[in-house]
Amino acid sequence: MTTRTSFAELADRYVAVWNEPDPDTRRAAIAQLWVPDGEHFVRTLQVKGYEGLEQRISGSYEKNVRDGGFRFASSGDTQRLHDAVMFHWHMAPAEGGPIAALGLEFLVLAADGRIAADYQFILPSPAA
């Protein structure tokens, strides 16, 4: 991955996995996005490896997308610096409505372009 477009596509693929309803498709997407020992950090939670990533993403999907009726989307501001990619995302009702949550994703990429470390920052929502 070397172009701005490819990093924007990475952000879109990353966000799509959090919206994915099919467990098999979600599992395959995780393997395409992360290295086998990839890590994800958010607040006080840290997970490592495909199994941990799958549990974390599935839990978020069930709570926010399936049960909550929300969708995640990239904010379209992807930036790259060496082996790091940063972008903002938001969560809003799937049927439309105000943004319910904002976040910043800071990804450290492995040599093959997959995610080695994923730092997720939850930002104050617009309503806060």
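For each of S75, S6, count neighbouring Cβ atoms within 10 Å of the residue's Cβ, then give the residues from fewest to most.
Working: S75 16, S6 13.
So the ranking, lowest neighbour count to highest, is S6, S75.
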Testing the spin-label approximation: label points 7 Å from Cα along Cα→Cβ at L123 and V108. State their distance in nm.
2.3
Going 7 Å from the Cα of A100 toward and past its Cβ, which residues in the stretch 19-47 have a backbone nitrogen under 19 Å from where you end up?
19-22
Sites matching chymotrypsin sites (Phe, Trp or Tyr not before Pro) across the stretch 64-128 that sit in DSSP coil, with at most 14 neighbouring C-beta atoms within 10 Å
none
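Filter the trypsin sites (Lys or Arg not before Pro) in the stretch 22-128 to those in DSSP coil with at most 12 other Cβ atoms within 10 Å of their Cβ, and list the result. Walk me through the intermediate numbers first.
Values: sites: R26, R27, R43, K48, R56, K63, R66, R71, R80, R114; in loops: R43, R114.
Sites meeting the loop and neighbour criteria: R43.
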One quarter of the convex hull surface, Cα atoms only: what value does that give for the chain in nm²?
7.6
Counting only residues 5 or more places away or on other chains, whose amide H sits under 5 Å from the amide H of R71 once H atoms are built in the peptide plane?
A92, A94
³J(HN,Hα) computed for each position of the stretch 100-105 - Karplus, 6.51 cos²θ - 1.76 cosθ + 1.60, integer Hz, glycine/proline x:
9, 8, 10, x, 10, 10
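Where a number appears in this text, it was derived from the coordinates with a stated rule and is not lab data. Remember, it's a predicted structure, so these values are computed and weren't measured experimentally. Please note: Cβ atoms are built from the backbone with ideal geometry, for glycine as well, and neighbour counts cover all protein chains shown.
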